[in-house]
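Participant: Provided herewith is a single structure, encoded as structure tokens, for subsequent inquiry.
The values are calculated or read from the model by the stated rules, or taken from the named source; none is laboratory data. Fair warning: this is a prediction, and the values are worked out from it, not measured in the lab. Cβ atoms come from the backbone with ideal geometry, glycine included; neighbour counts cover every protein chain shown.
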Amino acid sequence: MKPNEAKIEIERLTKELTYHNHLYYIESKQEISDFDFDTLLKKLQELEKQFPQYASKNSPTKRVGGDITKKFDSVVHKYPMLSLSNTYSEEEIRDWVLRISKLSEAQLEFVCELKYDGVAIGIQYIDGVLEQAVTRGDGSQGENVTSNVKTIKTIPLQLKGDFPLDFEIRGEIFFPLANFDQLNKARIDLGEPEFANPRNTASGTLKMQDSKIVAKRGLDCFLYGIYGADAAVGHYETVQVAGNWGFKTPKASNRYIEKTSSIEGVMDFIAYWDRERSKLPFEIDGVVIKVNDYDQQEELGFTAKSPRWAIAYKFKAERVETILESVVFQVGRTGAITPVANLKPVTLGGTTVKRASLHNSDQIEKLDLYLGDTVYVEKGGEIIPKIVGVNTSNRIENAEKVIFISNCLECNSQLDREDGEAQHYCLNSLNCPPQIKGKIEHFIGRKALNIDGLGAETVDALFDASLVRNVADLYDLTFHQVVKIDRMADKSANNLVQGIRESKEIPFERVLFGLGIRFVGETVAKKLAKTLKNIDALCKATFDELIRIDEIGERIANSIVVFFKNPANQELIDRLKSAGLKFEIIEEEGHSDRLNGASFVVSGVFKAFSRTELKDLIEMNGGKNVGSISKKTSYVIAGDKMGPSKLKKATDLGIRILTEDDFIKMLDI
């Protein structure tokens, strides 16, 4: 394709994909299939790679992430992000309405909105293009998280309609409950502790260094506050106008926003959402009430900390009393021990609660629990119910104190708790039944070996029949062994054996993930496989070699070293090799040895490619990425804002410094 043709096609695809993104994520409509959308996106990605000079900085391809940010720059807010005064008292809301009504000569009109339990964000648009996104911070200045915000699909990269040339819009980024639940399930699968609540997780996600991870987590956002432009005479009207520009804004149709001129209207909105909030697909912790008219807002003014024209009513955390009937101790596939409280069933937040996590031994000690205690259970901003206190006045005489176990209830091994760890662990990974079955279930999971016809119930049956004690045993199973299991017909047995046989074609990175090495999730497994190429190199890798790999920290490196030092794990891998599983990377099309033997340090900000994309190109062409400059470094690819100390060190050592264009010419791309 000629450059001028590519330019036209890139512009067409960008426009079409932007349209479909808005239609799907803002208007909840769909005109093309997911497959067709992905095909268009892939085509745009390929064209942008070939003709980077024509790629828009806010291209739809940015939605998948890829930028790595080691440090977020601080940005001073042009308009300070003030906090609202808040109250838990309906009487104080009534007093506030009466008080400010006396301060204004005209009749006041109020806007009631949901108080989203997320992270405040301010986003600047210039000429309709997303320019910068900044967190609240301390109200005076926040952090520039633009690369991460661009991955949130409900935030437009390019506006439509009659928008102001330069303005800021503010709102709240939050974690949809379904996505949060999915993330926690994945963490359980990895043997990692669950995240406590959506708000804190949204905040942590927004400040992650790798925008690809942010993109995968599925954050969402409502935007509603315009600064630096006069879009309408009042806040309510401005929210409607902003929706026409392409923003996801609160709608009156689902009662996320409402206008009223009476105290009764405000109270009705509060009462409604206090009842109905458990049905929302995201967390709220209250309601915000604002004076609608901007002139009246200006007339009412500000205190030192907050506007006089707005107030937040916060819901009390939902709390119920129930009886602690027993405490059980669950063993995860990594050996982590999690205490769980069995409760007398009670309704909380629209659901029946029978169990609550007690997290660890410290939590049990802090609560000073006894069996039969009347306990307070809350959801509040959390998905998982938790015990927050005990009504000791109801304690039964001679009640049995809840003591954290010292030995595994499944295999009787003594539990271990390392310094700095919150949880106790059973270290008997080879003979503890829940750990054995958990490891097999992880290995056969969809993101790992994805073995058709094999689920948790079948794993239990195979284990009980003494046919499997580790994942390698799966590859020794025969049809005649499997068909003898209860409720296993000929067809099911054939499917299972066939599924096991087909799993031998699963690529190395998924096999590595399936091994269940602690802290080695799906993304880390891909990184290790891509960098080290095969299992033998990974087995031999030292701690120092591992931490030099991008994104591999000390905790992950130490876990890998410990895993491969264990003779039982080495024997397991040898058996899986003999069974025919893939333990090396199969090079994809487009790879070359053009950079073979050369080591690169990539530093700074680039125009045509992100740092991650540059590193991928280096590895695809036989080069090696290293984290720091030394005498052994072959080249430094220097972008904007490269640290002066790095630049000086490279110059002093006589290392060749390449610009992005130099590197592109080197690869002839």
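Participant: Filter region 216-248 for residues that are among the polar types (S, T, N, Q) and without any contact (Cβ under 8 Å) to a residue 60 or more places away in the chain; which is surrounded by the fewest Cβ atoms within 10 Å (Cβ to Cβ)?
Facilitator: Gln240
Participant: Something else: Yes or no: Lys251 modelled with pLDDT under 95, outside any helix (DSSP H, G or I) and either in contact with a strand residue (DSSP E or B) (Cβ under 7 Å, 6 or more places away or on another chain) or in the same structural domain as Leu177 (by TED's automatic domain parsing) (or both)?
Facilitator: In short, yes.
Participant: Can you tell me which condition His591 does not meet? The list is (1) crowded, with 17+ Cβ neighbours inside 10 Å; (2) under 22 Å from Arg510 (Cα atoms), and all the others hold.
Facilitator: Going through the list (1) crowded, with 17+ Cβ neighbours inside 10 Å; (2) under 22 Å from Arg510 (Cα atoms), His591 breaks only (1).
Participant: So, one more: Go through region 33-60 and give me each residue that's surrounded by 14 or more Cβ atoms within 10 Å (Cβ to Cβ) and at pLDDT below 80.
Facilitator: Phe37, Asn58
Participant: For region 589-621, give me each residue that is over 24 Å from Asn148 (Cβ atoms) and part of a loop (DSSP other than H, G, I, E, B).
Facilitator: Scanning region 589-621 gives Glu589, Gly590, His591, Ser592, Asp593, Arg594, Leu595, Asn596, Gly597, Ala598, Asn621.
Participant: With (1) out of contact with any Asp or Glu (no Cβ under 8 Å at 6 or more places or on another chain); (2) modelled with pLDDT under 95; (3) polar (S, T, N, Q); (4) assigned to a helix (DSSP H, G or I) as the list, and Gln570 as the residue in question, which single condition is left unmet?
Facilitator: (2)
Participant: Could you identify the single residue in Phe329, Phe302 that is buried (at least 17 other Cβ atoms within 10 Å of the Cβ) and of a type in the set (Phe, Trp, Tyr)?
Facilitator: Residue meeting the stated conditions: Phe329.
Participant: Which ones in region 457-509 are within 35 Å of the chain's Cα centre (by Cα) and part of a loop (DSSP other than H, G, I, E, B)?
Facilitator: Once the filter is applied, which keeps residues that are within 35 Å of the chain's Cα centre (by Cα) and part of a loop (DSSP other than H, G, I, E, B), region 457-509 yields Val468, Arg469, Asn470, Ile506, Pro507.
Participant: If I ask for residues that are in contact (Cβ under 8 Å) with a residue 40 or more places away in the chain and within 21 Å of Asp73 (Cα to Cα), which ones from region 166-204 would you list?
Facilitator: Phe167, Glu168, Ile169, Arg170, Gly171, Glu172, Ile173, Ala202, Ser203
Participant: Let me confirm something: among Lys540, Lys533, which residue is among the basic types (Lys, Arg) and either in contact with a strand residue (DSSP E or B) (Cβ under 9 Å, 6 or more places away or on another chain) or crowded, with 16+ Cβ neighbours inside 10 Å (or both)? Outline the logic, then answer.
Facilitator: Working: Lys540 fails: either in contact with a strand residue (DSSP E or B) (Cβ under 9 Å, 6 or more places away or on another chain) or crowded, with 16+ Cβ neighbours inside 10 Å (or both).
From the options Lys540, Lys533, the qualifying one is Lys533.
Participant: For Lys279, only one of the following conditions fails: (1) of a type in the set (Lys, Arg); (2) out of contact with any strand residue (DSSP E or B) (no Cβ under 9 Å at 6 or more places or on another chain); (3) within 30 Å of Ala106 (Cβ to Cβ). What is its number?
Facilitator: Going through the list (1) of a type in the set (Lys, Arg); (2) out of contact with any strand residue (DSSP E or B) (no Cβ under 9 Å at 6 or more places or on another chain); (3) within 30 Å of Ala106 (Cβ to Cβ), Lys279 breaks only (3).
Participant: Six or more apart or on different chains, Cβ under 6 Å: which pairs go from a residue in region 618-636 that's in contact (Cβ under 8 Å) with a residue 60 or more places away in the chain to one that's assigned to a loop (DSSP other than H, G, I, E, B) and not hydroxyl-bearing (Ser, Thr, Tyr)? Could you list them?
Facilitator: Listed by first residue and then by second, the contacts come to Gly627/Arg548.
Participant: Which one of these does Ile552 not meet: (1) without any contact (Cβ under 8 Å) to a residue 40 or more places away in the chain; (2) in a helix (DSSP H, G or I); (3) in contact with a Leu (Cβ under 9 Å, 6 or more places away or on another chain)?
Facilitator: For Ile552, the exception is condition (2).
Residue-by-condition table, conditions (1) hydroxyl-bearing (Ser, Thr, Tyr); (2) within 23 Å of Arg136 (Cβ to Cβ); (3) at pLDDT 90 or above:
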residue	(1), (2), (3)
Arg187	no, no, no
Pro193	no, no, no
Val214	no, yes, yes
Asp220	no, yes, yes
Tyr224	yes, yes, yes
Ala229	no, yes, no
Glu237	no, no, yes
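Participant: Name, by its number, the condition in (1) more than 26 Å from Asp210 (Cβ to Cβ); (2) modelled with pLDDT of 85 or more; (3) not aliphatic (A, V, I, L, M) that does not hold for Phe563.
Facilitator: (1)
Participant: Now for a separate question. Among (1) in a loop (DSSP other than H, G, I, E, B); (2) touching a Gly at 6+ places or on another chain (Cβ under 9 Å); (3) in contact (Cβ under 8 Å) with a residue 40 or more places away in the chain, where does Ala422 come up short?
Facilitator: Ala422 satisfies every listed condition except (2).
Participant: Could you list all residues from region 203-246 that are out of contact with any helix residue (DSSP H, G or I) (no Cβ under 9 Å at 6 or more places or on another chain), within 21 Å of Val129 (Cβ to Cβ), assigned to a helix (DSSP H, G or I) and not small (Gly, Ala, Ser)?
Facilitator: Val241, Asn244
Participant: Identify, please: which residue in region 642-655 is over 36 Å from the mean Cα position of the chain (by Cα) and over 16 Å from Asn625 (Cβ atoms) and is, among those, surrounded by the fewest Cβ atoms within 10 Å (Cβ to Cβ)?
Facilitator: Gly654
Participant: For region 510-547, give me each residue that is assigned to a loop (DSSP other than H, G, I, E, B), within 28 Å of Pro193 (Cβ to Cβ) and not β-branched (Val, Ile, Thr).
Facilitator: Within region 510-547, Leu515, Gly516, Arg518, Phe519, Gly521, Ala541 meet the criteria.
Participant: Restricting to region 114-127, and then to whatever is out of contact with any His (no Cβ under 9 Å at 6 or more places or on another chain), touching a residue at least 40 places away in the same chain (Cβ under 8 Å) and not hydrophobic (A, V, I, L, M, F, W, C), can you tell me which residue is surrounded by the most Cβ atoms within 10 Å (Cβ to Cβ)?
Facilitator: Tyr116
Participant: Further, regarding this structure: In region 254-305, what residues are among the hydroxyl-bearing types (Ser, Thr, Tyr) and closer than 29 Å to Asn200 by Cα? Break it down into steps so the answer makes sense when it comes.
Facilitator: Taking region 254-305 first, the residues among the hydroxyl-bearing types (Ser, Thr, Tyr) are 256, 260-262, 272, 278, 294, 303.
Once the filter is applied, which keeps residues that are among the hydroxyl-bearing types (Ser, Thr, Tyr) and closer than 29 Å to Asn200 by Cα, region 254-305 yields Tyr256, Tyr272, Ser278, Thr303.
Participant: So, one more: Report yes if some residue within region 384-393 is modelled with pLDDT of 90 or more and either more than 29 Å from Asp285 (Cα to Cα) or assigned to a helix (DSSP H, G or I) (or both); otherwise report no. I'd like the intermediate steps shown before the answer.
Facilitator: Taking region 384-393 and keeping what is modelled with pLDDT of 90 or more, we get 387, 389-393.
If we keep only those that are either more than 29 Å from Asp285 (Cα to Cα) or assigned to a helix (DSSP H, G or I) (or both) as well, we get 392-393.
So far as region 384-393 goes, yes, one or more of its residues are modelled with pLDDT of 90 or more and either more than 29 Å from Asp285 (Cα to Cα) or assigned to a helix (DSSP H, G or I) (or both).
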